Structure formats: structure tokens, C-alpha cells
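Just so it is clear, none of the values below were taken in a lab; they were calculated from the coordinates. Note that the coordinates shown come from a computational prediction; the quantities given were computed from them, not determined experimentally. Cβ: placed from backbone, ideal geometry, glycine included. Neighbour counts: every protein chain shown.
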Amino acid sequence: MVNLLIIAFAMTLTYSAIANRFSSLIRILAIQGLLIFGVALLELHQINLINLIFILLETLVFKSILVPAILYAVITRNKVSRDCEINKSFFNSIFSVIAIFAFSFVLAYQLHDEHLKIIYFTASVSAIMIGIFLMIFRKTIITHTIGYIILENGIFLFSLALGSDMPMIVNMGILLDLFSTVLILGIFVNRISDVFNNIEVDVLTTLKD
Amino acid sequence: MDFLELYFIGSVLIALLMYLVKGRKLDYLLFIPFLGLQIYFTYRSWFSMNQVLDEYFSVDALSMIFLILNTVVAVPTVIHAFLSAERKHDSRRAVSIHNAALVLFIVAMTGVLISSHVGLLWAFAEATTLTSAALIYHDRNLVALEATWKYVFVASIGIAFAFLGILFLGIATQDAQSPDLSLVALAKSVNAMESTWLKMSFLFIVAGFSVKIGTVPLFTVEIDAKDAAPSAIGALFSGGLLNVGFVAIFRFYEVFSHTEIHAWMNKVLMITGLTSVFFAAVYLLSVKNFKRMFAYSSLEHAGLVLIAVSAGGVGYFAAIFHLIAHSLIKASLFFQIGQVQQTFRHKNVERTGNYLRINPWGGAALLVGFVGILALPPSGLFISEVLTFKALITGDHWLVMGLLAFLLTFILYGMGSSLLQVLFKPLPAEELTSIERISAWESVPEWILLLGALTLGLYPPPALNNLIQTAVAHLPNVVKL
């Protein structure tokens, strides 16, 4: 069952690289939140109850409802629900994603370790790399933010693989999630989108030598 | 209540009060109890060195050195923040947010220094990012917004990378059958760990914390942040946060150094350090904004410190000594450059000049700081750079040494030509008369820091030498001075 959820997670990753509307990217984030919620529910049943409830709330409420809702509000307010220009061709994006998956698989097998769950490792390393991919090859600040959240989802998934033995690690992952995401979204929603009235990265080029 | 709880609870309460109290002068008065608390904490830590304070905290020689240094830099930072707020007539709201964030920033840095658990160390490093965002955004203009956004975004990626490094370390500890991430437990079990995981962990730790220490690969946002933030905050970034990033990396280095990956880690640090110095040299030749110039100079010195660590032997001592002298000199330069910016009302080197005439005491401080930062004798940095070169030669790193010497010449030329322009280039008489003069008293904190740095070069106190020797005593192949 856990494996199924993780495979579904990997499929959302593939889709995120070729989605060409902001609204579909945001929907992907919501689905990823739900999938991670499922993984946490199935995987962490042996840690104490209060901690578990906290983790489930974080994944369900924060990751799959709150963050997508905020991002959705930003795009409707700025009237940018149009295409997020993919400045690489469709084929290149798909090809890169497949290459990332293949690389992660090979890496996972190369490292073969009894404590390493290959499927977890592949999905999370791919998520991290696809997050970085979105941050490098997309042009708008909102896609960068989404890329960062996908990267964080990957890291969170990885921390769940270690979580049953080291609950502290999962709590640290939540800390990362809450603080960085809130801070990034806070600045983004309150300031950038208001002040610049434009969410292309190109406007942020005053600072240079 | 022990002093650790007193410090953390007290400072958070003071920060809260600063945020709530909205009166400019009153807000700054609240720094007096905070700095008192900071000094008291440093004083008490001295006497509980190497004792277990708590499950998660302990003070050793390394944290003690940088704790003292942080306290020393924090006091003039507050003074200069106050002076600049008074001159610029910052709004009450901006001042209250700035002050509360400053207090929490200093507390978070202290937290990184005294954490004895990897997870806690990471959480405090995350807290420094959060609080510094408010400090960078202090001027509330477009440049500040851009710098803040970039800093927060990239620092979050950095902190996520560091977390990934800790996750890899977590897998390694499970292999070693001891899932505990406190530094003491790690040091015991590290030999049973798989070296592949340790290598991956170290790579991500260095990449992640590079945004704090300000080296390759994530140094660019640090430069932007120091440019856009008020100069006093730039001083604290270069004189405090840089050391904190070093301590974060060094904690892992120290634990891993007793395994077979020690030589490999040295290579990583050497490449990181050398590329950092390279980037610094390239940018310093062309940079015309003097705040960015000092930011790039911090990149150079952070790179030098990593090279010193990677050279081993006497290099460990040199690295820490270098950080101490660099903090004192760079902080005073940032304070002074804030006054230069105030005098000329811009940051472009080419449109400045004759600063030594306009503000003799401040200009002299800039001149002394300039000699100091370029590591010319009698600066403390001269000693540490000589020791670094010595370590490189004893380690047979002739190529690195040659490259480093070559790059340092460019840095000397680049910074030298800009700074001499600020100090001596003649300005038209009508411009000179229209310039607002700044009182010589405002340069007193700089002079105190600079005299400290010169003392380090001429007569390094034996107590400090002992402390540094103790801090690096656990490393393999360490050479006593």
C-alpha cells in the first residue's frame, strides 16, 4: 500500500514537469500533500499518538490545503492563471524527468544498504531533483516557489523512511516545512506580488556589480 | 533557574517587549538588559566549560571562542544600529521589528554555537535565516525586498540541503546500530558507519551551510544581503554569522575526521575554499560598490579558512585564529563604511574621495582596517595567513599554495585601488563644503575592535592560544604551535 502511494507520488512528479498551467501545478501540490499524509499514516503507527496527530495535521491541513489555497489566491489576484511558459520543449522536459528517475534508481541500487528503502529513496531523490529542475528552468517566481515546495516534499518523504526509528528527524522536517514555507510564502504573497505587480524573475535584477 | 534557561527565556521576553514597545529611544534602552544578559551568559559559560549543561547543550573551547567574539561584536553593532536609526529617522515600527529580530538573531547564533546535538544545531541555523530576513528588509525599499527574497529563498534551499545531509547521517547511524544524533554519540559510533553515507552527508552539509559561512556554492545571496542590509547588520553577518557557519561545518568535520574519509573531506574543503577565493578575486577586481567589496572580501577570507582547515596540521589553529582576527577587522570596516555611505549618500567608490580629510578619525580607522584586512603586518590576519601557507607547504600542497598566492595578489590590488581612492582621491572644494560631517566619537567602537586585532598580531594573548589549541586538540594530525 505504501509503495502504491509512493509510486503515485512519483507520477505527480512527472506531471509537474510538463504541466503548463499554474492551476494544475498547484493541484499537484495538493495531491502530493494527500499522498504524503497517506504514507505518514501507514508508516509511523508506532510513534506516540500526539506526535502522530501533529504530523498528520501538518501534512493534511498545511501541505494539501493551506499552501495550495494561498498560492491559488495569489494567481487569481494577479490574474496570471494563464500558461506558465515552459521555456524548454515538452520532449526535453519529459526526457529530463525520465533521466532523473533513472539516475535516482541507479543511485539507490548502487548504494545498496539494508536500511535504505529503495522505493522511498528513488521517489524522494527524484522529487528533490525535479524541484531543483523547476527552479532552474522555469521563469516565474511562482514556479520557483512551487519547485521549492516539491523539493521539500521530497525531503519530508525521505525523513519518513527514517521516522519510525528517529522521530526527532520527522519533527525537524516539519520545522523546515513550516518555517521556510511560511516565510517564503509570506514574503512572496505580501510583498513581491504587490510591489512588483509581476511575477517574472526578470524584474529582480537590481542587485548586481 | 540555571543561566542557560535564564538566557533563552530572558532574551525572548526582551525581544517580545521590544516588539510591543514602540518608542525609538526606549526600544534601544531595552538593549541594555539584553547585552547584560549576553555578557552574563558568556561569563557563566566560561566557568562551565566542558561540563554538560543540558541534554542538548554544552560549551566547549570552540563554542567559547566564538561566543566571546559574538558578544564583542554585538555591542558595537547595537551602538551603530542606534546611531544610524537616529540619523535616518527610521519609523518606530521598523525600529521595533529590527531590534526584536536583532536580539533573536544573536540568540539563534549563540544556539548554534552551544548545541551538542546535530538536530538542534540545524534548527538554530534555520532560526538565523528567519530572523535575518527581517534585518535585511529593514530599509523597506525595492533593493532590500529583492535581497530579502533571494536570501530567504536560497537560504531555505541551503538549509534543506543541510537537512538532507543530516538525513544521510541518520541512515549511517542506523547502520551503526546507534540511532542517536548527539555529537558525543556520533563520535563514538562514527567508525562503524558506512563511508559512502558519511561522504554524501558531508557534501550536503558543506553545500547547505555554505549560505551561512558565505562560500561557494551559495555565496551570492549572502553578498546581496550584506549590500542591502544596514551596515551594522552587514558587520554582524561578516563578524558573527560567518563564524557560526564555520562552527556548523566544523562540528561535522571534527566527528568525521576520525574515519577513512578524512583525506577526501580535505579535498572537498580545499576545492571549495580555492574556488571561493577565485570568485572573490575576480569580483574584487571590478566591484565599484564598497559594501559589496567588503562582502566579497568576506568570501575570500571564508575560503582561506576552509583551505587552512583542509591543510591540517598547524592549519587548524590558523583557521580559528584567522576567523577571530577577521571578525574584529571586518566588523569595524563595515561600521566605518556605514559612515562613509552616510557622508557621501551613495555606495559608489568612483564618486567618493578625500575621506581622510572629511572624517580624520574615521578615515584613519578605515586605513588601519584596510591594512588589517589585506593581512599586511602587524595585522592578526598576517600571522594566520603565514601559518596557512606553512601548513600548505608541510602538507606538500605546492600547487594550491602557488594559486592562492597568485589570487591574493589580485585581491590586494583590487581592494587597494578602491580603498585608496575613497581615502585620498581629491574632491572639488565645493563638494567638500556641502558634505555633512560625522562626529569622531562614532568611530570609537571601530578603534577598539581594530586595536584588538592589532594586539592579536603583535602579542597574541597566551590564554587565547591555549583556548584555540584546546578547540582543535581532538583532530587527527594536529600540530601544536
Would you work out the relative contact order for chain B, in percent, from Cα pairs under 8 angstrom that are 6 or more residues apart?
14 percent
Helix A:141-163 sits at what angle to the longest principal axis of chain A, using alpha carbons and giving 0 to 90 degrees rounded to 10?
10 degrees
With label points built 7 Å along Cα→Cβ from the Cα atoms of B:His89 and B:Tyr459, find their separation and express it in nm.
4.9 nm
Residue separation between B:Ser195 and B:Ala405 times 0.36 nm, minus their alpha-carbon distance, gives in nm 72.2 nm
Each residue of B:112-120 has, on average, a number of other protein chain C-beta atoms within 10 Å of its C-beta equal to 1
Run the numbers on the stretch A:2-203 and let me know its relative contact order in percent, using alpha-carbon pairs under 8 Å that are six or more apart.
24 percent
Over 27 Å between C-alpha atoms is what I'm after, so list which of B:Lys347/B:Lys390; A:Lys63/B:Lys22; B:Lys267/B:Lys390; B:Lys226/B:Lys480; B:Lys199/B:Lys226 land there.
B:Lys347/B:Lys390; A:Lys63/B:Lys22; B:Lys226/B:Lys480; B:Lys199/B:Lys226
Spatially proximal lysines relative to B:Lys25 (Cα-Cα < 20 Å; intrachain offsets below 8 disregarded)
B:Lys88
Put a dot 7 Å past each Cα toward the Cβ at B:Val52 and A:Ile7; how far apart are the dots in nm?
4.8 nm
Residues A:Ile98 and B:Val12, FRET efficiency given R0 of 56 Å [Cβ-Cβ distance, rounded to 0.05]:
0.70
Hydropathy first: keep DSSP H helices in chain B averaging at least 1.6 on Kyte-Doolittle, then drop any whose Cα extent along the axis falls short of 20 Å, and list what survives.
B:3-20, B:398-424, B:444-458
Of all stretches in chain B that avoid trypsin sites (Lys or Arg not before Pro) placed in a DSSP loop and having at most 11 other Cβ atoms within 10 Å, the longest is B:1-344
Neighbour count of at most 14 Cβ within 10 Å plus DSSP loop: longest GluC sites (Glu not before Pro)-free window in chain A:
A:115-209
B:Leu29 versus A:Leu178, label points 7 Å from Cα toward the beta carbon: distance in nm?
3.6 nm
Range in chain B, longest, excluding exposed GluC sites (Glu not before Pro) [loop by DSSP; at most 11 other beta-carbon atoms within 10 Å]
B:56-259
Would you please give the residues with an amide H less than 5 Å from that of B:Phe57, counting only those at least 5 places away or on a separate chain, with H modeled from the backbone geometry?
B:Ser116
Among A:Lys139, A:Lys63, A:Lys117, which one shows the biggest mean-square fluctuation in a GNM of chain A, springs joining Cα atoms closer than 10 Å?
A:Lys117
In degrees between 0 and 90, to the nearest 10, how far off the longest principal axis of chain A does helix A:90-110 point, with axes built from Cα atoms?
30 degrees
Kirkwood Rh over Cα pairs of the stretch B:270-481 into Stokes-Einstein at 20 °C, 1.002 mPa s: D in µm²/s?
121 µm²/s
